[in-house]
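The values are calculated or read from the model by the stated rules, or taken from the named source; none is laboratory data. Just so it is clear, the model here is predicted, and its values are computed rather than measured. Because the Cβ atoms are built from the backbone with ideal geometry, glycine has one as well, and the counts that use them run over all protein chains shown.
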Amino acid sequence: MPVNKEKYQEIKQELSAKDVQLIAVSKIQSNEDILAMYEMGQRDFGENYVQEVVEKQQALPKDINWHFIGHLQRNKVKYIVPFVHLIHGVDSFDLLKEINKQGKKQQRTIDCLLQVHLAEEETKFGLNAGELEAIIKELQDNSEVYANVFIKGLMGMASFSDDLEKVRGELAQLKKLFDQYAGNSNPVLHFTKLSMGMSGDYKIAIEERSNMVRIGSLLFGARPAK
Ligand SMILES: *Cc1c(COP(=O)(O)O)cnc(C)c1O
């Protein structure tokens with residue numbers, strides 16, 4: 001599936017006018033298609049699978065920023081810690097502790113977003129408001145323990161739904177949580193990134209003040225079967 005270059009240019013312009021960062025979601029796409037987008041200037045790519053991103057990182061230009069946007073298993077954290085740019089899907093305290101531990105071992109500080117559960121679907125991962133609050137409190141009370149992670153904000157996925165007002169409500173709810181904690185800075189926590197919006201809902205997400213969107217199929221076409 002060839003990259004849709006016109007769509008890429010159009011979305012780039014739309015986003016840069018609003019200071020929104022584009023993460024091109026390249027999961028299951030070929031290195032060739034990623035390179036085509038790289039040559040148009042794209043440097044931030046989003047991936048969901050550990051083995052796949054490790055292979056792509058080795059094969060593709062070293063100035064690509066790899067964003068891990070999928071569900072991350074604790075036993076695989078160590079494979080992406082050497083190079084990952086931002087982990088969007090931190091959905092449990094145990095996962096955050098493992099990222100911190102591997103960061104310490106490999107002498108890197110890993111930028112992370114905490115993933116909040118928004119959609120009604122049970123299959124979507126993420127923290128509820130209470131779990132989010134507990135993690136933030138722990139990071140405030142014991143920030144010296146977590147010196148190898150840095151929490152830059154929140155990530156969420158709205159329901160896959162034709163009911164756009166419902167989608168908007170979920171995204172607005174995430175923005176509200178973001179604002180609630182945006183003032184709580186400390187050495188390991190400072191909210192500046194709100195990662196919300198995908199091919200189907202990025203326009204709504206921007207209206208609801210997202211500043212980072214993760215777009216795959218609009219740019220690359222429908223994903224091939226894995
Ligand atoms: C696959 C994926 C995307 C991109 O989805 P599209 O609908 O293809 O834009 C965004 N975010 C996450 C977490 C994903 O898994």
Item to complete: Within the stretch 203-214, count every residue that is touching a helix residue (DSSP H, G or I) at 6+ places or on another chain (Cβ under 6 Å) and within 12 Å of the ligand (Cβ to nearest atom).
Response: 2
Worksheet item: Filter the stretch 25-55 for residues that are within 15 Å of the ligand (Cβ to nearest atom) and over 25 Å from S92 (Cα atoms); which is surrounded by the most Cβ atoms within 10 Å (Cβ to Cβ)?
Response: Q29
Discussion item. Touching a Phe, Trp or Tyr at 6+ places or on another chain (Cβ under 7 Å) and surrounded by fewer than 16 Cβ atoms within 10 Å (Cβ to Cβ): is that true of T192 in this structure?
Written reply: no
Item to complete: Give the stretch 2-32 a look and list any residue that's within 29 Å of Q51 (Cβ to Cβ), out of contact with any helix residue (DSSP H, G or I) (no Cβ under 7 Å at 6 or more places or on another chain) and small (G, A, S), or say none.
Response: S30
Practice prompt. Assess whether F45 counts as being within 27 Å of L219 (Cα to Cα), out of contact with any Cys (no Cβ under 7 Å at 6 or more places or on another chain) and of a type in the set (F, W, Y).
Written response: yes
Discussion item. Every residue in the stretch 72-92 that is surrounded by 15 or more Cβ atoms within 10 Å (Cβ to Cβ), in a loop (DSSP other than H, G, I, E, B) and either on the phi > 0 side of the Ramachandran plot or not hydroxyl-bearing (S, T, Y) (or both), please.
Written reply: L72, V81, F83, V84, H85, D91
Worksheet entry | Any chance S199 is within 16 Å of the ligand (Cβ to nearest atom), over 30 Å from N142 (Cβ atoms), in contact with an Asp or Glu (Cβ under 6 Å, 6 or more places away or on another chain) and hydroxyl-bearing (S, T, Y) | no
Worksheet entry | Top-ranked residue of the stretch 115-136 - restricted to ones that are among the aliphatic types (A, V, I, L, M) and not in a loop (DSSP other than H, G, I, E, B), ranked as surrounded by the most Cβ atoms within 10 Å (Cβ to Cβ) | V116
Practice prompt. Would you list the helices (runs of 4 or more DSSP H) that sit entirely within the stretch 153-226 and hold 2 or more residues that are aromatic (F, W, Y)?
Written response: 164-181
Worksheet entry | Residues of the stretch 90-99 satisfying the condition of being within 22 Å of Q21 (Cβ to Cβ) and either touching a Gly at 6+ places or on another chain (Cβ under 6 Å) or away from the ligand (no atom under 16 Å from the Cβ) (or both) | D91, I99
Worksheet entry | Those residues of the stretch 56-67 which are assigned to a helix (DSSP H, G or I) and either within 14 Å of the chain's Cα centre (by Cα) or surrounded by 15 or more Cβ atoms within 10 Å (Cβ to Cβ) (or both), in sequence order | K56, Q57
Worksheet item: Out of the stretch 202-217, which residues are surrounded by 19 or more Cβ atoms within 10 Å (Cβ to Cβ) and of a type outside the set (V, I, T)?
Response: Y202, A205, E208, S210, N211, M212, R214, G216
Discussion item. I'm trying to understand the selection: among the residues of the stretch 142-162, which are charged (D, E, K, R) and modelled with pLDDT under 95?
Written reply: D162
Worksheet item: Has the stretch 119-131 got at least one residue that is out of contact with any helix residue (DSSP H, G or I) (no Cβ under 8 Å at 6 or more places or on another chain) and aliphatic (A, V, I, L, M)?
Response: no
